[in-house]
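Here is the structure we will look at.
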Amino acid sequence: MGLIRILMFAGIALLAVLIFKRLTGSSRREVGDSMEDERLGRLVQDPQCLVYVDSKEAVRRKVPDGELFFCSEACADTYIENARQGG
């Protein structure tokens, strides 16, 4: 009788946890999951100073190959100026 009670209690506890997760919307994200937090973008690296910044807060510059992200206007201006000079 003791083992059956333990198994029933474990089953009820598992069910309660699953229901709680479903109601709160919490779920475990797997490695490599491409979901992004709605408030945050993805981390991008500034090519000038190599700092990582949130893409939603980064300074953006259009370039022939696409778009680059920078941590500040100063880094963006320095990078663009160096690119114009061939460096």
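No lab work stands behind these numbers, since they all come straight from the coordinates. Worth saying up front: this structure is predicted, and the values here are computed from it rather than measured. Neighbour counts run over all protein chains shown; Cβ positions are idealised from the backbone, glycine included.
If you go through segment 37-87 and keep only what is in a strand (DSSP E or B) and over 16 Å from the mean Cα position of the chain (by Cα), you end up with Val59, Arg60, Arg61, Lys62, Val63, Gly66, Glu67, Leu68, Phe70.
Within segment 61-83, the set of residues being surrounded by fewer than 11 Cβ atoms within 10 Å (Cβ to Cβ) and either under 18 Å from Arg42 (Cβ atoms) or of a type in the set (Ser, Thr, Tyr) (or both) comprises Gly66 only.
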